[in-house]
Amino acid sequence: MPGLTYRLATEADIPAIATLMERAIESLQRPFLSSAQVMASRLSMGLDTQLIADRTYFLVEQDGVPVGCGGWSYRATLYGGDHSAALRDVRTLDPARDAARIRAMYTDPAYVRRGIGRLVLALCEDAARAAGFRRVEMMATLAGEPLYLACGYQPIERVMKMAETGPAVPGVRMGKDLP
């Protein structure tokens with residue numbers, strides 16, 4: 001897409017990323033989840049600012065407007081935002097035996113099906129590979145699962161409830177070997 005750029009996100013980008021995430025959660029989850037589940041999904045989704053601090057979180061912009069974001073991590077946390085402390089595990093992973101994590105991927109609903117998700121995945125996979133990882137894993141939403149399957153990810157396990165509280169919000173742990 002003309003005008004599409006990407007860069008590592010900074011702390012100054014957090015408000016714009018939070019707005020993008022909220023739009024994506026509210027709109028893109030609706031075909032897969034009930035209204036109560038969409039509301040509850042916020043308990044297990046969102047930005048983990050550790051990714052920005054670690055310089056592993058990308059922001060995609062169209063003519064300077066944020067349209068997508070996502071990152072990878074060399075830490076053990078599989079999913080969850082700053083508000084989901086119970087899910088956080090900041091231990092450093094060993095690239096020789098552990099899988100890097102693909103984290104917090106979102107596309108603005110007005111820009112879906114334009115290659116933004118694939119771009120973010122490619123950026124994350126390339127960065128994880130450069131850091132020595134041979135495998136990546138993620139916790140996918142049902143809305144994201146078709147993209148990840150198309151990009152070579154395989155389901156590892158289905159999770160019926162990603163957050164400890166609220167209605168059950170399903171997810172799919174997925175993985176992929178990096179060539």
Candidate set from the stretch 120-168 (those that are part of a loop (DSSP other than H, G, I, E, B) and free of Cβ contacts under 8 Å to residues at least 12 places away in the same chain); member that is surrounded by the most Cβ atoms within 10 Å (Cβ to Cβ):
Lys161
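Every residue, every condition in (1) in a loop (DSSP other than H, G, I, E, B); (2) buried (at least 17 other Cβ atoms within 10 Å of the Cβ); (3) not hydrophobic (A, V, I, L, M, F, W, C), yes or no:
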{"residue": "Ile25", "(1), (2), (3)": "no, yes, no"}
{"residue": "Ala36", "(1), (2), (3)": "no, no, no"}
{"residue": "Ser44", "(1), (2), (3)": "yes, yes, yes"}
{"residue": "Asp48", "(1), (2), (3)": "yes, yes, yes"}
{"residue": "Phe58", "(1), (2), (3)": "no, yes, no"}
{"residue": "Arg103", "(1), (2), (3)": "no, yes, yes"}
{"residue": "Arg118", "(1), (2), (3)": "no, no, yes"}
Collect the residues in the stretch 3-33 that are over 17 Å from Thr107 (Cα atoms) and out of contact with any helix residue (DSSP H, G or I) (no Cβ under 9 Å at 6 or more places or on another chain), keeping them in residue-number order.
Ala12
Being of a type in the set (Asp, Glu), in contact with a Gly (Cβ under 9 Å, 6 or more places away or on another chain), over 21 Å from Arg173 (Cβ atoms) and touching a residue at least 12 places away in the same chain (Cβ under 8 Å) narrows it down to one of Asp63, Asp48, Asp13, so name that one.
Asp63
Number of the condition not met by Val65 [criteria: (1) β-branched (Val, Ile, Thr); (2) more than 20 Å from Gly115 (Cα to Cα); (3) surrounded by fewer than 20 Cβ atoms within 10 Å (Cβ to Cβ)]:
(2)
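A short reminder: the numbers here are calculations on the coordinates, not readings from a lab. Small disclaimer: the values here were computed from a predicted structure and weren't measured. A quick note on method: Cβ atoms are made from the backbone with ideal geometry, for glycine too, and the neighbour counts reach across all protein chains shown.
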